[in-house]
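The values are calculated or read from the model by the stated rules, or taken from the named source; none is laboratory data. None of these values were measured; they are calculated from a predicted model. Don't worry about glycine lacking a Cβ; one is built from the backbone with ideal geometry, like all the others, and counts go over all protein chains shown. What goes into the accessible areas is simple: the full protein's heavy atoms, side chains included, and nothing from ligands, DNA or RNA. Shrake-Rupley method; radii C 1.70, N 1.55, O 1.52, S 1.80 Å.
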Amino acid sequence: MKVFLVEDSVPLCERLVEMIEAEGDHCVVGQAATYDDAVKGIEATQPDVGIFDIRLQRGNGIDALAEAKRRLPGLVGIVMSNYATAQHVKASADAGAEYFLDKSADFERINEILSSISSEVDEKGKEHETGNR
């Protein structure tokens, strides 16, 4: 499964890449630290999943998620932030996020969530192949 990271912290990006690619079934296909780079990168790489921080060097991840979903409707959006307020959770959901994670409490759940998404995608593919809907 292809994953795109939208995060402006280099150490956090490095840690995420390490965690995600250690699973073997997931591959980080791109990274961006700004709104513009995120939208362009997601459009160019066509990932299955995007992981978005809210605060970026320029712009914000919620707006980047909303635009990325407009351009790539099948993208699964995960917002991961230190700003886990009800307002941010709602804004993320409104932008199309399927998941919202608090960086300090939920960081280690990334691979669990990616595996769950991968299983759902596999099941949908099997249903499509056999004609079941």
Calculate what fraction, in whole %, of the accessible area of the chain sits on carbon and sulfur atoms when a 1.4 Å probe is rolled over the protein chains.
-> 47 percent
Relative to the first principal axis of the alpha-carbon coordinates of the chain, what is the inclination of helix 86-95, with its axis defined by its Cα atoms, in degrees from 0 to 90 and to the nearest 10?
-> 50 degrees
Helix 10-22 versus the longest principal axis of the chain: what is the Cα-based angle in degrees, 0 to 90, to the nearest 10?
-> 20 degrees
Solvent exposure, largest accessible area first (probe 1.4 Å, DNA, RNA and ligands not counted), of E67, E98 = E98, E67
Simple label model, 7 Å out from Cα along Cβ direction - Q46 to A86, nm = 4.2 nm
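How much accessible area per residue does the chain have, counting only protein heavy atoms and a probe of 1.4 Å, in square angstrom? Mind showing how you got there, number by number?
Details: 7120 Å² over 133 residues.
It amounts to 54 Å² per residue over the chain.
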Answer check: the chain, Cα atoms, Kirkwood Rh, Rg/Rh ratio of 0.96
Given the pairs K2/K40; K40/K69; K40/K90, which are separated by over 23 angstrom at their Cα positions?
-> K40/K90
Grab the DSSP H runs of the chain that are 4 residues or longer, score each as -39,500 (n - 2.57), total them, divide by all residues and round the 222 nm result to the nearest 500 deg cm²/dmol.
-> -16000 deg cm²/dmol
Alpha carbon centroid spacing (whole Å) that separates the range 76-100 from the range 1-56 = 16 Å
